[in-house]
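**Q** The structure that follows is given in the form of structure tokens.
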């Protein structure tokens, strides 16, 4: 599954144009030391800040950037489990960077709330079938 996902995401690493975004795909392995290095790299990048595109209407410019530093998005109400989560939390706890955890639940739910036309057709069909079954 991981290799398939990495292959699917690979085209975005070589996109071109004026809106080019630098993307690096990290693929986990069975080697815990290698995975730890990848987590440490991610934490280092977060600690150094990420330049993020923002539209500032009040400044009437669409090419404004702001620096997002030291923030790690979390879903505090969800209790994650598994080897991946344990390794990540261990590295995060030992990080020297001053990282702040930020609740991103509202943003994630907003992102997932957007439905394309195929999903809407599926929901409508399911609703009709559910009504007919009663």
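**Q** Kindly establish whether residue 121 is more than 24 Å from residue 8 (Cα to Cα), touching a helix residue (DSSP H, G or I) at 6+ places or on another chain (Cβ under 6 Å) and modelled with pLDDT of 80 or more. Even if it seems obvious, please write down each step before you answer.
**A** Values: more than 24 Å from residue 8 (Cα to Cα): yes; touching a helix residue (DSSP H, G or I) at 6+ places or on another chain (Cβ under 6 Å): no; modelled with pLDDT of 80 or more: yes.
The answer is no for residue 121.
**Q** Going by the structure shown, is residue 23 at pLDDT below 80 and either touching a helix residue (DSSP H, G or I) at 6+ places or on another chain (Cβ under 9 Å) or part of a helix (DSSP H, G or I) (or both)?
**A** yes
**Q** Follow-up. Can you name the number of the only condition in (1) modelled with pLDDT under 70; (2) more than 18 Å from the chain's Cα centre (by Cα) that residue 31 fails?
**A** So residue 31 meets the others, but not (1).
**Q** Follow-up question, since we're still on this one. Can you tell me which residue within the range 101-132, out of those that are loosely packed, with under 10 Cβ neighbours inside 10 Å and not in a helix (DSSP H, G or I), is nearest to the chain's Cα centre (by Cα)?
**A** Restricting to residues being loosely packed, with under 10 Cβ neighbours inside 10 Å and not in a helix (DSSP H, G or I), the top hit is 114.
**Q** Do we have residue 64 as over 28 Å from residue 8 (Cα atoms) and either modelled with pLDDT of 75 or more or not in a helix (DSSP H, G or I) (or both) here? Break it down stepwise before answering.
**A** Working: over 28 Å from residue 8 (Cα atoms): yes; either modelled with pLDDT of 75 or more or not in a helix (DSSP H, G or I) (or both): yes.
So residue 64 fits the description; yes.
The values are calculated or read from the model by the stated rules, or taken from the named source; none is laboratory data. Being a predicted model, the structure only gives us computed values, none of them experimental. Don't worry about glycine lacking a Cβ; one is built from the backbone with ideal geometry, like all the others, and counts go over all protein chains shown.
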